[in-house]
Every structure is written in C-alpha cells, then in structure tokens.
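The values are calculated or read from the model by the stated rules, or taken from the named source; none is laboratory data. No experiment lies behind these values; they were computed from the predicted model shown. Here Cβ is always computed from backbone atoms with ideal geometry, including for glycine, and neighbour counts include all displayed protein chains. In case anyone asks, the SASA skips ligands and DNA or RNA and just uses the protein heavy atoms, side chains included. Shrake-Rupley method; radii C 1.70, N 1.55, O 1.52, S 1.80 Å.
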Amino acid sequence: AVMSASQWIRQSHRWLSIVFTLTVIANFAWRWTSPHEPPAWLTYSPLPPLFAQLFSGLYLFALPYAARGRSKA
C-alpha cells in the first residue's frame, strides 16, 4: 500500500513525538542519576525532533484550510 504525502507526514509526526519524548526522558534520567552535567549532545538531542515536529505539525494544521480553499475554487 502506497501512502500519500499527507499520510506519510502524519505517520512521521507520530514517530517524531516518540523520539522527542525518549530524548527528554534520557535528559531527565541523566540529571537524576548523575552528579555531572549531561554532555551537550544529550542536552540538545530533543531539538531536532522538536523542530521537525514543528514543521510537520504546521503542515498538518494547515491541511484542512488548504483543502477548504481548493474546494471553493
């Protein structure tokens, strides 16, 4: 089964939320269990999936409005 672009972005958005949640949990786990500051790569690891979610979420948010605009034309 071939997914449309919208379905692919929706599925990616869901998986990105899981990745984001895991990176945030990893940050908290490090801070709770280690007396040392976490490495920079771990501190900033939630940002790439967060930004990807921002753009995919904005796309998904705009879809109904774009469809409504197309149907009136």
Query raised in the report: Would you list Trp8, Trp32 from the most to the least accessible area, probe 1.4 Å?
Result: Trp32, Trp8
**Report entry** Where labels lie 7 Å past Cα in the beta-carbon direction, separation of Ala5 and Ala67 in nm
**Finding:** 1.5
Report task. Grab the other residues whose beta carbon is less than 12 angstrom from that of Leu60, score K and R as +1, D and E as -1, and report the net. Result -> +2
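Can you give the Kirkwood hydrodynamic radius for segment 14-64, in Å, rounded to one decimal and based on Cα pairs?
Evaluated on segment 14-64, it is 12.0 Å.
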